[in-house]
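The values are calculated or read from the model by the stated rules, or taken from the named source; none is laboratory data. As the structure is a prediction and not an experimental result, all values here were calculated from the model. Positions of Cβ are generated from backbone atoms using ideal geometry, with glycine treated the same way; all protein chains shown enter the neighbour counts. Please note that ligands, DNA and RNA were not included when accessible areas were found on the heavy atoms of the full protein model with its side chains. Shrake-Rupley method; radii C 1.70, N 1.55, O 1.52, S 1.80 Å.
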Amino acid sequence: MKINYARKAIELSKSEAKKAEVYGSEMYKALLDAKKSFPDFTISVKSAPIKHDGFKGLNRAFMHDYIENHDDDDHNTMKEFNTLCGLDEKGNKKSFAAVASYGELRMWFLNRYPELHDMQSSIDTIMKRVKEEQAKKELQHNLYR
């Protein structure tokens with residue numbers, strides 16, 4: 001548990017919050033004590049940063065469709081994509097071709113379309129706020145049951 005004077009908050013980790021849910025537990029008593037000492041402070045649950053792939057679902061089919069909708073008139077990006085996938089210019093599989101790994105293809109695609117990073121960043125920011133609000137509601141609900 002941490003007392004954050006700048007935010008006027010009593011901050012708990014997720015595991016501490018879970019322990020504080022148990023009536024009479026040491027963490028429950030410690031939280032009540034902290035709340036008595038700082039009655040105007042809010043209680044917040046700090047979750048560890050989630051390490052996830054923000055581009056889940058970014059497969060070859062998605063890349064193909066995205067390029068199709070955002071390519072130039074000469075289809076230069078689609079030609080590069082096909083080359084990396086071992087396809088000819090029409091999208092047919094070549095009889096023998098070197099193929100980029102998924103990781104290489106993904107790196108090329110995200111480099112080519114950096115706006116996808118901004119879109120994912122906006123989603124991450126919104127979801128972080130929503131998760132914090134939800135955790136606060138759950139903690140308050142559990143403390144005042």
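For Ala61, are the conditions met, namely being part of a loop (DSSP other than H, G, I, E, B), open to solvent by 30 Å² or more (accessible area, probe 1.4 Å) and either small (Gly, Ala, Ser) or at pLDDT 90 or above (or both)?
Considered against the rule, which asks whether it is part of a loop (DSSP other than H, G, I, E, B), open to solvent by 30 Å² or more (accessible area, probe 1.4 Å) and either small (Gly, Ala, Ser) or at pLDDT 90 or above (or both), Ala61 comes out as no.
Which residues, counting only those in the range 13-25, are more than 13 Å from Leu143 (Cα to Cα) and either polar (S, T, N, Q) or in a strand (DSSP E or B) (or both)?
Ser13, Ser15
In this structure, is Gly54 surrounded by 11 or more Cβ atoms within 10 Å (Cβ to Cβ), modelled with pLDDT under 95, of a type outside the set (A, V, I, L, M, F, W, C) and over 30 Å from the mean Cα position of the chain (by Cα)?
On the way: surrounded by 11 or more Cβ atoms within 10 Å (Cβ to Cβ): yes; modelled with pLDDT under 95: yes; of a type outside the set (A, V, I, L, M, F, W, C): yes; over 30 Å from the mean Cα position of the chain (by Cα): no.
Taking the combined requirement at face value, the residue does not satisfy it.
From the list Ile10, Ile43, exactly one residue is outside any helix (DSSP H, G or I), open to solvent by less than 30 Å² (accessible area, probe 1.4 Å) and touching a residue at least 60 places away in the same chain (Cβ under 8 Å). Which is it? I'd like the intermediate steps shown before the answer.
On the way: Ile10 fails: touching a residue at least 60 places away in the same chain (Cβ under 8 Å).
Criteria check complete, one pass: Ile43.
Would you mind stating whether Ala135 is open to solvent by less than 50 Å² (accessible area, probe 1.4 Å) and outside any loop (DSSP other than H, G, I, E, B)? Break it down stepwise before answering.
Details: open to solvent by less than 50 Å² (accessible area, probe 1.4 Å): yes; outside any loop (DSSP other than H, G, I, E, B): yes.
It is true that Ala135 is open to solvent by less than 50 Å² (accessible area, probe 1.4 Å) and outside any loop (DSSP other than H, G, I, E, B).
Suppose we filter the range 80-91 for residues that are open to solvent by 70 Å² or more (accessible area, probe 1.4 Å) and closer than 20 Å to Asn59 by Cβ; how many remain? Can you show your working first?
Taking the range 80-91 first, the residues open to solvent by 70 Å² or more (accessible area, probe 1.4 Å) are 80, 83, 89-90.
When the remaining residues are screened for being closer than 20 Å to Asn59 by Cβ, the result is 80, 83.
Count: 2.
Among the residues of the range 92-125, what is the count of those that are open to solvent by less than 90 Å² (accessible area, probe 1.4 Å), over 17 Å from Gly57 (Cβ atoms) and touching a residue at least 24 places away in the same chain (Cβ under 8 Å)?
1
For the condition over 30 Å from Tyr5 (Cα atoms) and small (Gly, Ala, Ser), what is the one hit in Ala48, Ala61, Ala34?
One residue alone meets the criteria, Ala61.
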